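All remarks here apply to the structure that follows.
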Amino acid sequence: MKAKKLAVPLLVALTPWGCTAEQDSVGQGGDLASRIEANLDALNAKTSFYAKHLPSGREIAIRADEPMNALSVIKIPIMVLAYRDADAGALDLDERYQVQPEDMRRGSGLLQSFTPGIEPTYRDIITQMIITSDNTATDVMINRLGLERVNTMLTELGFEQTRLRATTGELFKAVLELADPQNASFSDREVFESGIPSDPQAAVRSFGFEGDSTQWLGRITAREISQMLEAIEEGEFASPESSDEMIGILRRQFYRSMLPQRLRDRASIAHKTGGWPPDAANDVGILYYEGGPIVVAVFTNQNKGNFFELEATVGRIAADLVDHWR
């Protein structure tokens, strides 16, 4: 296990919005927490944020305990359970799985583009679940591990809010049911072949669907997923080898339009996105740089504003953290 870092005490204040604001000044723009909150509040979206500078223990929490639509960020605890099972000898990561026609899922990911019958290893499947947010890979892993076992693990590890609610196949079937209740009888393969509705009312239904907590793929809070990332970084959930491999997978994330957008050569990142464009976009990760690392989680649900400005805002926040927490 990696050595635990000692937290340095920090004077904090409770802002009028109920967020814990670290008091380091960042010049005429005000303190860092106020700047981040102002950026989030400028978005026409429901937002939640948490960040912690691991060497010092400094933290910023803005609505960090409010349950949010996890979207694909919920795939991180699925990965954690897989590597814990591998450490226990219950899962062979080098075993191959033959992808069947009924395994295919729409949305993000590459496996849906291959002819059924390919045989990736479970390690390959977990990797695709994270780096391309592959929905086919996600449901293969949920079926292999057990949905309720993911939630049991979360409870045992002390996470009170974070839960996996459904498979991605169930999610896309529910979307089709909203378009036509008769679609409730569709098989997984029929859901896949039907695609995503694109009728004139589809966008309105999609916005309502994203905001309906009974339909979420997963429930999460910014604070809890940040605690999970910190524990992975510190090697608290799995063996050192498995912990390093999970961080390595998160470092290979394909989607870089949010947290990494403005970091360039200033920092590297291990992260996981979760999107439902243009209605929601989440990004959580670990920023590595001289003076770091920082764990950070940004959630934006029910977005009514410009989606590209939303992504740019998340990028500005990450750059601010790296610039001012050294």
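Computed from the coordinates by the stated procedures, all read-outs in this text should not be read as laboratory data. The model shown is predicted, which means the values in this text are computed figures rather than measured ones. Every residue, glycine as well, gets a Cβ built from its backbone with ideal geometry; the counts of neighbours run over all protein chains shown.
Structural remarks
- Gap separating the Cα centres of segment 230-288 and segment 297-326, nearest whole Å: 15
- Only helices enter the 222 nm calculation for the chain: every DSSP H run of n ≥ 4 contributes -39,500 (n - 2.57), and dividing by all residues gives -12000 deg cm²/dmol, rounded to 500.
- Across the chain, Cα pairs under 8 Å and at least six residues apart give a relative contact order of 24 percent.
- In segment 73-215, Cα pairs under 8 Å separated by at least six residues give a relative contact order of 22 percent.
- Summing charges over all other residues whose Cβ lies under 10 Å from the Cβ of S48, with Lys and Arg as +1 and Asp and Glu as -1, gives +1.
- Label point 7 Å beyond Cα of R316 along Cβ direction - residues of segment 34-62 with amide nitrogen under 15 Å: 34-45
- Prolate/oblate/rounded label for segment 73-215 (Cα gyration tensor, a/c 1.5): oblate
- Residues R205 and S185, FRET efficiency given R0 of 22 Å [Cβ-Cβ distance, rounded to 0.05]: 0.70
- Gain upon complete extension [E241, N306; 0.36 nm per residue less C-alpha separation]: 19.3 nm
- Among I118, I130, I220, residue whose mean-square fluctuation peaks in a GNM of the chain (springs only between Cα atoms under 10 Å): I118
- When the Gaussian network model of the chain links Cα atoms closer than 10 Å, the mean-square fluctuations of V204, V175, V284 top out at V204.
- Gyration tensor (alpha-carbon) shape descriptor, segment 177-326, a/c threshold 1.5: prolate
- Cross-link reach list, aspartates and glutamates versus K304, counting only Cα pairs under 19 Å and skipping chain neighbours closer than eight places: E37, D41, E210, D212, D279, D283
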